[in-house]
Amino acid sequence: MQAYAEELRATFTRLQERGPEIHRQARAVQVTEKSRDGLVSATVGARGDLIRLDLDPRIYRRQDSRELADVITDTVHRATEKARAMVVELFEPLVPGDQMKEHLEGDLESVLERMAAQMLGKR
């Protein structure tokens, strides 16, 4: 338990020292991804929020609206995955990548299980 407390203290100190700058960098993350055919371009922020969507005018030649919706959705999802990976990489010096992914994905169960295992010395 004492080792875990020391580890938490060290992590907290690193977060205080480097956290604000890394947080600023993470908030500034933007990723633009193009669809496989190059007709759809989506830009997302660090949280995967859609910032910009560009559609090449040739896209309107398609008659299948479901296909267009799928292409847009896929493009946004790929951009979001890249943005998350960039945020995880930025925080890597402070927070292990797998833990950061759990936090970003909102996987509270895994976060709590990991914390409990660390407190009990089961890493």
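Search segment 42-69 for residues that are on the phi > 0 side of the Ramachandran plot and pair each with any residue that is surrounded by 13 or more Cβ atoms within 10 Å (Cβ to Cβ) when their beta-carbon atoms are under 8 Å apart and the residues are at least 6 apart or on different chains.
Sorted first by the residue in segment 42-69, then by its partner, the pairs are GLY48/VAL76; GLY48/ALA79; GLY48/THR80; GLY48/ALA83; GLY48/ARG84.
Picking from PRO93, PRO57, which residue would you name as being closer than 24 Å to GLY106 by Cβ and surrounded by fewer than 11 Cβ atoms within 10 Å (Cβ to Cβ)?
None of the other options fit; the residue is PRO93.
Exactly one of (1) loosely packed, with under 14 Cβ neighbours inside 10 Å; (2) more than 25 Å from SER110 (Cα to Cα) is unmet by LYS34. Its number?
Going through the list (1) loosely packed, with under 14 Cβ neighbours inside 10 Å; (2) more than 25 Å from SER110 (Cα to Cα), LYS34 breaks only (1).
Rundown of residues vs (1) touching a Pro at 6+ places or on another chain (Cβ under 7 Å); (2) modelled with pLDDT under 95; (3) among the β-branched types (Val, Ile, Thr), yes/no style:
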{"site": "GLY45", "(1), (2), (3)": "no, no, no"}
{"site": "ASP64", "(1), (2), (3)": "no, yes, no"}
{"site": "THR75", "(1), (2), (3)": "no, no, yes"}
{"site": "THR80", "(1), (2), (3)": "no, no, yes"}
{"site": "VAL95", "(1), (2), (3)": "no, yes, yes"}
{"site": "ASP98", "(1), (2), (3)": "no, yes, no"}
{"site": "SER110", "(1), (2), (3)": "no, yes, no"}
{"site": "ARG114", "(1), (2), (3)": "no, yes, no"}
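What number of residues in segment 12-31 are surrounded by fewer than 13 Cβ atoms within 10 Å (Cβ to Cβ) and of a type outside the set (Lys, Arg)?
7
Looking at (1) touching a residue at least 24 places away in the same chain (Cβ under 8 Å); (2) hydroxyl-bearing (Ser, Thr, Tyr); (3) farther than 15 Å from THR75 by Cβ, which is the one condition that is false for THR13?
Result: THR13 passes all but (1).
Tell me whether segment 65-78 contains one or more residues that are hydrophobic (A, V, I, L, M, F, W, C) and under 18 Å from MET100 (Cα atoms).
Within segment 65-78, not a single residue is hydrophobic (A, V, I, L, M, F, W, C) and under 18 Å from MET100 (Cα atoms).
What pairs come up if the first residue lies in segment 18-35 and is touching a residue at least 60 places away in the same chain (Cβ under 8 Å), the second is aromatic (Phe, Trp, Tyr), and their beta carbons are under 7 Å apart, counting only those six or more places apart or on different chains?
What qualifies is ILE22/PHE91; ALA26/PHE91.
The values are calculated or read from the model by the stated rules, or taken from the named source; none is laboratory data. Small disclaimer: the values here were computed from a predicted structure and weren't measured. Neighbour counts are summed over all protein chains in view; Cβ atoms, including those assigned to glycine, are modelled from backbone coordinates with ideal geometry.
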